[in-house]
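Enquirer: Have a look at the structure that comes next, please.
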Amino acid sequence: MELLAPAGNWAALQAAFANGADAVYMGGQQFNARHSAANFSRDEIFKAVEYARLRNKKIYLTINTLIDNGEFSAACDYAYEMYISGVDALIIQDLGLMSSLRRLLPQMPLHASTQMTVHNSHGAALLRQEGISRVVLARELSINEIRRIRQQTPGMEFEVFAHGALCFCYSGQCLLSSMVGGRSGNRGRCAQPCRLPYQLIRRLDNEKTAVAADGRYLLSPADLCAVDQLTQLREAGVTALKIEGRMKRAEYVAVVTSVYRQALDLLQSDAAAIIDRGQRKKLYQIFNRTLGSGYLLPGHQVLSINRPNNRGVLLGRVISHQAGYMTIKLSENIALGDGIEVWVSQGKGPSCIVKAILREGTAVSRAEAGQTVAIPAGGRAAPGDRVFKTHDEELISAARASIEDDKEYKLAVRMTVQIEAGKPLQLILEDYRGHRVQVQGGTPAAAAQGQPLREDTIMEKLGRLGGTPFQLQEYRLEYQGGLILPFSDLNDSRRRAVSQLLQLLTGRPEAAEAERDVFKQEIRKLTRKERRRRPSVPLLSIAVSSPEAARLGAECGADRVYIAWEGLRDFTVTREDITALYRWGKQRGTEIVAALPRIQQSGPVEPWKEPNSNDCSSFLVGNLGALNWIRQGEIPAYGDYGLNCFNQYTLDWLLSQGLNGVCLSPELTLEQLQGFNDLSRAELLVHGDLTLMISASCPIEAALGGEKCGNACSQAEFWLRDEKGYEFPVATDKKCRFYVFNSRRLCLLDDLDRLVALGLASLRIEAWRDSAAQIAETVAVYRRALNGLSRGVKTDLLLLRKVLQQKQGFIPTKGHLYRGVM
């Protein structure tokens with residue numbers, strides 16, 4: 001298995017390769033999901049490719065954000081520059097960019113980012129058909145699910161996360177950071193609100209109370225550590241193991257990469273071998289929010305709700321703290337330069353760098369487990385408080401040394417030189433991996449009239465490799481003597497040989513000006529789309545969770561009703577319900593659409609083999625696997641906003657897959673919507689509680705102590721309250737997926753005139769959680785407003801919105817219609 005390490009800056013790149021990574025993934029200055037990392041300039045990326053090739057390593061470059069219409073041409077240009085740089089693959093999220101690059105750069109390998117939310121074999125198969133060579137699978141999959149996907153998708157490479165931070169939400173489906181703070185994870189600027197404290201609020205018998213949870217960080221997962229599952233992952237067919245951490249420092253990359261390299265090397269000799277305690281402790285020491293197997297092994301608690309940051313390693317317990325000195329009974333070694341933190345029962349505990357250690361009154365540089373020491377420390381700590389070592393100076397120093405050692409690395413080469421009378425010099429330069437170049441001098445060697453070329457002079461001129469990444473290991477000269485050549489010819493031949501060998505090693509394509517011009521022309525053709533906007537009053541659609549709500553929505557004026565195939569836990573929908581609704585809707589002219597779940601993880605039987613087109617006229621699909629299913633069966637369907645349609649190119653590609661229409665990303669602004677050329681088959685969310693997160697972990701269970709919850713979620717209503725007092729409704733479904741809804745209700749009622757001018761096919765109300773009264777009121781008022789606009793009747797939309805708001809008591813938001821996302 002390939003070991004793939006993160007590189008958020010140049011030092012991390014060096015750390016990864018110095019400690020055994022086979023490849024690194026990194027981002028440039030734009031279109032990159034870790035915008036806050038230092039990242040790499042264009043010149044640094046070119047340099048990084050050379051650096052990697054000299055070590056026989058690979059570079060994967062991320063272009064793993066959603067691209068808006070105004071950026072699309074620049075994103076394609078950037079992809080071309082990265083192709084010219086010689087990177088081994090591009091990691092892509094945007095479906096429109098994926099489709100366009102397959103046309104523009106068919107020779108460039110593309111990897112599907114985990115932001116594409118690929119979690120079933122049908123999704124992987126669709127991407128294989130689109131020319132994707134590797135899929136980074138969703139982190140929520142078990143080893144058995146990974147195995148099944150691999151078996152059902154031959155010919156595809158699969159990459160899985162093996163170590164580092166986990167997201168609470170399925171990657172690519174999170175809107176929390178976006179809606180709360182305007183910083184979108186889909187645009188590379190996630191503010192990590194899942195690491196903030198929340199209270200779980202429960203309503204029983206109309207009374208709201210806070211649940212007394214064991215911790216406050218209810219959305220914060222523990223870190224993943226799969227070092228004990230490497231054999232199983234290899235047997236499951238995993239191609240590459242990915243270490244998370246482009247925001248981490250270089251020393252972290254060095255330590256984690258080194259441990260996994262040793263574990264993989266052990267695996268080669270003994271499939272049952274495991275790393276020793278010392279190596280395992282390094283993983284805990286360098287950074288951990290507690291380490292666990294994540295979702296790889298079912299039945300394990302993923303959340304770590306007590307603390308969202310680094311815990312370090314338990315160092316010991318406080319015996320006393322007085323006169324500026326803290327006395328500690330050690331359970332681990334300590335040394336000067338280490339960092340410690342005391343966990344106290346209330347408030348912030350003392351933390352410091354260890355600048356002195358007293359053992360039995362004597363100053364020492366280090367002490368061992370079992371000993372008692374006193375160290376100078378401020379603040380207050382009580383006897384029995386736990387002390388953690390959060391910084392191990394010896395571990396960090398060793399990591400830094402590994403990086404420094406690698407800076408001296410040069411690739412060994414062999415040089416063969418032939419000099420014959422009347423012929424130009426022949427120079428062969430080759431490495432020991434089979435890369436070989438041959439250059440010819442520009443001047444024939446002539447008989448010397450005076451001082452001939454000496455062998456040591458030839459060696460001195462041709463062996464000048466000090467400013468190059470090469471080191472001359474072997475040198476062979478075929479020369480009878482008595483000849484002369486210009487020194488400039490020797491120097492020029494050496495320079496050309498070095499340049500050609502470096503070019504051969506990088507595998508960098510020749511960037512001929514004509515080829516670049518052709519590429520620019522192709523981009524212009526691709527982005528020159530005819531504007532086809534015919535403003536007309538759109539259809540009104542509504543998404544509901546029950547048959548009763550579906551009928552009510554239709555009766556109050558909805559043209560299309562999405563009925564959840566697998567609703568929230570409080571709602572039960574059967575195949576017979578949907579079939580009956582379909583027939584009822586057909587009689588009255590209302591389209592009934594069965595909404596498949598956005599998450600459909602692979603099982604022994606694919607979940608979408610249950611429904612069929614006899615049950616319903618069409619389906620709503622929200623993941624690539626479901627899209628592939630309807631494409632193969634030529635089943636009428638619409639695309640949900642979980643497909644992240646952020647530009648015209650994604651919209652066109654999704655429609656080309658057989659969809660009748662697509663719901664656009666709720667992160668688009670009005671200005672960005674106006675940048676689309678044709679929205680005649682697009683839908684826009686205009687009202688309701690947006691789903692901000694879908695998770696495979698349950699904070700309700702974690703808050704109640706991590707024991708079996710006994711379906712607590714079905715016995716009361718729950719909210720998550722943040723530190724500002726905002727309350728986010730939460731719910732679960734029957735497969736224990738957890739949903740977080742926005743604390744504010746989207747309401748674009750008073751913007752309908754602007755939206756109608758866009759030429760959209762339909763406007764959608766999200767009413768998954770709504771009561772019958774809310775559904776009736778909301779649909780009726782939107783129907784009235786749209787009817788007025790269609791007849792040209794002047795309607796006070798603002799007044800309608802205020803009346804609806806007063807009736808239902810919600811706090812409105814316009815989402816991103818005007819403010820956009822970073």
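The values are calculated or read from the model by the stated rules, or taken from the named source; none is laboratory data. Small disclaimer: the values here were computed from a predicted structure and weren't measured. For neighbour counting, all protein chains shown are included, and Cβ atoms are generated from backbone atoms with ideal geometry for every residue, glycine included. Just the protein is used for accessible areas: all its heavy atoms, side chains included, with ligands, DNA and RNA removed. Shrake-Rupley method; radii C 1.70, N 1.55, O 1.52, S 1.80 Å.
Enquirer: Strands (runs of 3 or more DSSP E) wholly in the range 1-97 with at least 2 residues that are among the hydroxyl-bearing types (S, T, Y) - which ones? It would help to see each step written out before you state the result.
Expert: Values: elements: 2-7, 23-27, 58-63, 89-92.
Counting at least 2 such residues, we get 58-63.
Enquirer: Could you grab me the full set of residues in the range 252-307 that are of a type in the set (G, A, S) and either more than 20 Å from K389 (Cβ to Cβ) or open to solvent by 20 Å² or more (accessible area, probe 1.4 Å) (or both)?
Expert: S258, A263, S269, A271, A272, A273, G278, G292, S293, G294, G299
Enquirer: In the range 257-298, what residues are of a type in the set (V, I, T) and part of a loop (DSSP other than H, G, I, E, B)?
Expert: Filtering the range 257-298 for residues of a type in the set (V, I, T) gives 257, 259, 274-275, 286, 290.
I274, I275, T290 - these are the residues of the range 257-298 that are of a type in the set (V, I, T) and part of a loop (DSSP other than H, G, I, E, B).
Residues checked against (1) surrounded by fewer than 19 Cβ atoms within 10 Å (Cβ to Cβ); (2) in a loop (DSSP other than H, G, I, E, B); (3) not acidic (D, E):
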{"position": "A191", "(1), (2), (3)": "yes, yes, yes"}
{"position": "C194", "(1), (2), (3)": "no, no, yes"}
{"position": "R203", "(1), (2), (3)": "yes, no, yes"}
{"position": "K208", "(1), (2), (3)": "yes, no, yes"}
{"position": "D214", "(1), (2), (3)": "yes, yes, no"}
{"position": "Y217", "(1), (2), (3)": "no, yes, yes"}
{"position": "G237", "(1), (2), (3)": "yes, yes, yes"}
{"position": "K248", "(1), (2), (3)": "no, yes, yes"}
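Enquirer: Tell me which strands (runs of 3 or more DSSP E) are completely within the range 307-363 and hold 2 or more residues being not aliphatic (A, V, I, L, M), or say none if there are none.
Expert: 313-322, 325-330, 339-343, 351-353
Enquirer: Just need a number here: residues in the range 534-566 that are open to solvent by less than 10 Å² (accessible area, probe 1.4 Å) and in a loop (DSSP other than H, G, I, E, B).
Expert: 3
Enquirer: Within the range 329-360, track down each residue that is open to solvent by less than 70 Å² (accessible area, probe 1.4 Å) and over 19 Å from Y284 (Cβ atoms).
Expert: V344, G349, P350, C352, A356, I357, L358
Enquirer: Here's something else I'd like to know. Determine which member of the set R139, R128 is in contact with a Cys (Cβ under 9 Å, 6 or more places away or on another chain) and of a type outside the set (A, V, I, L, M, F, W, C). I'd like the intermediate steps shown before the answer.
Expert: Working: R128 fails: in contact with a Cys (Cβ under 9 Å, 6 or more places away or on another chain).
The unique qualifying residue is R139.
Enquirer: To continue, here is another question. Among the residues of the range 567-579, which ones are farther than 13 Å from S617 by Cβ and open to solvent by less than 60 Å² (accessible area, probe 1.4 Å)? If you could, list the steps in order and put the result at the bottom.
Expert: Our first condition is that a residue be farther than 13 Å from S617 by Cβ; within the range 567-579, this holds for 567-577.
Across the range 567-579, the qualifying residues are G567, L568, R569, F571, V573, T574, D577.
Enquirer: Mind listing just one residue for me: the one in the range 390-409 that is within 30 Å of S351 (Cβ to Cβ) and in contact with a helix residue (DSSP H, G or I) (Cβ under 7 Å, 6 or more places away or on another chain) and, of those, most open to solvent (accessible area, probe 1.4 Å)?
Expert: R400
Enquirer: A further question follows. Across the range 119-158, what is the total count of residues that are of a type in the set (D, E, K, R) and either part of a loop (DSSP other than H, G, I, E, B) or under 28 Å from R311 (Cβ atoms) (or both)?
Expert: Residues that pass the stated criteria total 3.
Enquirer: Of all residues being within 22 Å of the chain's Cα centre (by Cα) and among the charged types (D, E, K, R) in the range 58-80, which is most open to solvent (accessible area, probe 1.4 Å)? Just the residue, please.
Expert: Of everything passing the filter in the range 58-80, K58 is most open to solvent (accessible area, probe 1.4 Å).
Enquirer: Which ones in the range 410-437 are surrounded by fewer than 13 Cβ atoms within 10 Å (Cβ to Cβ), assigned to a strand (DSSP E or B) and out of contact with any Pro (no Cβ under 9 Å at 6 or more places or on another chain)?
Expert: A412, the sole residue that qualifies.
Enquirer: Select from the range 788-822 the residues that are of a type outside the set (S, T, N, Q), free of Cβ contacts under 8 Å to residues at least 40 places away in the same chain and open to solvent by 40 Å² or more (accessible area, probe 1.4 Å) and list them in ascending order. Talk me through it step by step, then tell me what you get.
Expert: Here is the first cut: in the range 788-822, the residues of a type outside the set (S, T, N, Q) are 788-789, 791-794, 796-804, 807, 809-812, 814-822.
Still in the running and free of Cβ contacts under 8 Å to residues at least 40 places away in the same chain: 788, 791-794, 796, 799, 802-803, 807, 809.
Residues satisfying the conditions are R791, G792, V793, K794, D796, L799, K802, V803, K807, G809.
For every residue, the table says whether it meets (1) under 24 Å from G188 (Cα atoms); (2) among the aliphatic types (A, V, I, L, M); (3) at pLDDT 95 or above; (4) in contact with a Gly (Cβ under 9 Å, 6 or more places away or on another chain).
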{"residue": "S695", "(1), (2), (3), (4)": "yes, no, yes, no"}
{"residue": "E707", "(1), (2), (3), (4)": "no, no, no, no"}
{"residue": "S714", "(1), (2), (3), (4)": "no, no, no, no"}
{"residue": "V730", "(1), (2), (3), (4)": "no, yes, yes, no"}
{"residue": "R744", "(1), (2), (3), (4)": "yes, no, yes, yes"}
{"residue": "L748", "(1), (2), (3), (4)": "no, yes, yes, yes"}
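Enquirer: Let me ask something else. Quick check on my filter: what residues within the range 118-143 are among the hydroxyl-bearing types (S, T, Y) and open to solvent by 10 Å² or more (accessible area, probe 1.4 Å)?
Expert: Hits for the range 118-143 are S133, S142.
Enquirer: Do you know which residues across the range 731-783 are under 24 Å from G661 (Cα atoms), out of contact with any strand residue (DSSP E or B) (no Cβ under 8 Å at 6 or more places or on another chain), assigned to a loop (DSSP other than H, G, I, E, B) and not aliphatic (A, V, I, L, M)?
Expert: Within the range 731-783, G759 is the sole residue that qualifies.
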